[in-house]
Amino acid sequence: MAGITTIGVVGAGQMGNGIAHVGALAGLNVVMLDVKQDALDRAVATITRNIDRQVSKGVVDQAARDAALARITTATDYAAFAPCDIVIEAATEREDIKKAIFKSVIPHIRPDCILASNTSSISITRLATSTDRPQRFIGMHFMNPVPVMKLVEIIRGIATDDTTFAAVQALAHTLGKTTSTSQDFPAFIVNRVLVPMINEAVYALHEGVGDITSIDTALKLGANHPMGPLELADFIGLDTCLAIMQVLYDGLSDSKYRPCPLLIKYVEAGWFGRKSGRGFYDYSVTPPRPSR
């Protein structure tokens, strides 16, 4: 297929608005869809605020800012994806929701339109079975926050063809990203390594090896990590961390991937981290303080 010029994004949350942000700044037309208009309005406000921050830092000029915002359209109807060359799903990390989205998208897109998932752990091959185009289905895992992080993991399903892979890799480079290619195994590369480390840090807390402050300080200063593992878990979302661990545990049947019971307890309590105001840290105060 010819080069990608118009992208669709399903989901106006943190990942979706980040993908729309970098796409528009790269000169692509962007159609951002969500089921709720107020979510779209918040996403556009977030994108505007984040690009304005880039203008204030001299990273983006005013003309580029205005042009980028003009390239973004929003919609609540999947029919708006008709002109898209690729549609990237950036919904919550639940397989049933993602499959339902792809089934809804398919009647409204061209036969040559690529479908991509921003999943951080779920099988691309399995997601592709819910579509009419497994050969044009691929994983495109952006890192959070999308405008800042330079990596995109590209994951081929068993049926993904070479043309789709080449087009998506070229798209990632157009967006200013560096790519790594992962085979379609649970959690791919980044989260296969990162989230079990976070889970082990939760076990260290659960077993009394150290308290929250000590564990995070140890990894920041002892391993030169920019954020401690528990602080990072709050940033990612404890519900997302748990979902990834469950994918690893179910997909690889290895006890080393068993989610920590304390992580499960936090999620059951609705303590998801920054987005809920409480996780391993309490974000109702400044600076955030450990929640236990």
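Considering (1) in a helix (DSSP H, G or I); (2) touching a residue at least 12 places away in the same chain (Cβ under 8 Å); (3) closer than 23 Å to VAL87 by Cβ, say which one ASP52 fails and leave the rest. The failed condition is (3).
Looking across the range 60-96, the residues that are among the β-branched types (Val, Ile, Thr) and either outside the structural domain of MET15 (by TED's automatic domain parsing) or at pLDDT below 95 (or both) come down to VAL60, THR92.
Tell me, please, whether a residue that is more than 20 Å from ALA172 (Cα to Cα) and over 20 Å from the mean Cα position of the chain (by Cα) can be found in the range 28-37. Within the range 28-37, one or more residues are more than 20 Å from ALA172 (Cα to Cα) and over 20 Å from the mean Cα position of the chain (by Cα).
When the range 201-226 is limited to residues that are among the charged types (D, E, K, R) and touching a residue at least 12 places away in the same chain (Cβ under 8 Å), the one that is nearest to GLU93 (Cα to Cα) turns out to be ASP216.
Filter the range 229-238 down to residues that are part of a loop (DSSP other than H, G, I, E, B) and out of contact with any strand residue (DSSP E or B) (no Cβ under 9 Å at 6 or more places or on another chain), then give me how many there are. Of the residues in the range 229-238, 0 are part of a loop (DSSP other than H, G, I, E, B) and out of contact with any strand residue (DSSP E or B) (no Cβ under 9 Å at 6 or more places or on another chain). When SER120 is tested against (1) over 19 Å from MET32 (Cα atoms); (2) at pLDDT 95 or above, just one condition goes unmet, and that condition is (2).
Being aliphatic (A, V, I, L, M) and either touching a Phe, Trp or Tyr at 6+ places or on another chain (Cβ under 7 Å) or over 20 Å from MET149 (Cα atoms) (or both) is a property that does not hold for ILE47. The residue that is surrounded by the fewest Cβ atoms within 10 Å (Cβ to Cβ), among those in the range 142-164 that are without any contact (Cβ under 8 Å) to a residue 24 or more places away in the chain and within 24 Å of GLY18 (Cβ to Cβ), is VAL148. Suppose the filter is assigned by TED's automatic domain parsing to the domain that holds ALA43, among the small types (Gly, Ala, Ser), over 30 Å from ASN50 (Cβ atoms) and buried (at least 19 other Cβ atoms within 10 Å of the Cβ); does GLY139 pass it? No: the conditions fail for GLY139.
Yes/no per residue for (1) surrounded by fewer than 17 Cβ atoms within 10 Å (Cβ to Cβ); (2) under 19 Å from the mean Cα position of the chain (by Cα); (3) modelled with pLDDT under 95; (4) assigned to a helix (DSSP H, G or I):
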| position | (1), (2), (3), (4) |
| --- | --- |
| ALA166 | yes, no, no, yes |
| LEU171 | no, yes, no, yes |
| THR181 | yes, yes, no, no |
| LEU194 | no, yes, no, yes |
| ILE198 | no, yes, no, yes |
| VAL202 | no, no, no, yes |
| MET227 | yes, yes, no, no |
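In the condition set (1) crowded, with 16+ Cβ neighbours inside 10 Å; (2) more than 22 Å from GLY13 (Cα to Cα); (3) touching a residue at least 60 places away in the same chain (Cβ under 8 Å); (4) not β-branched (Val, Ile, Thr), SER121 is compliant with all but (2).
Per-residue answers, yes or no, for (1) in a helix (DSSP H, G or I); (2) outside the structural domain of ASN29 (by TED's automatic domain parsing); (3) within 29 Å of PRO134 (Cα to Cα):
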position	(1), (2), (3)
GLY176	no, no, yes
SER214	yes, yes, no
THR217	yes, yes, no
MET245	yes, yes, yes
GLY251	yes, yes, yes
LEU263	yes, yes, no
TYR266	yes, yes, no
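Taken over the range 183-192, the residue count meeting the criterion of being buried (at least 18 other Cβ atoms within 10 Å of the Cβ) and of a type outside the set (D, E, K, R) is 4.
Only a single item in (1) in a helix (DSSP H, G or I); (2) touching a helix residue (DSSP H, G or I) at 6+ places or on another chain (Cβ under 7 Å); (3) closer than 23 Å to ALA79 by Cα is not met by VAL31, and it is number (1). For the range 143-171, residues that are more than 19 Å from CYS113 (Cβ to Cβ) and either of a type in the set (Lys, Arg) or out of contact with any Lys or Arg (no Cβ under 7 Å at 6 or more places or on another chain) (or both) total 10.
The values are calculated or read from the model by the stated rules, or taken from the named source; none is laboratory data. Treat the numbers as computed from the prediction; the structure is a model and nothing was measured. FYI the Cβ positions are ideal-geometry reconstructions off the backbone, even for glycines, and counts take in every protein chain you see.
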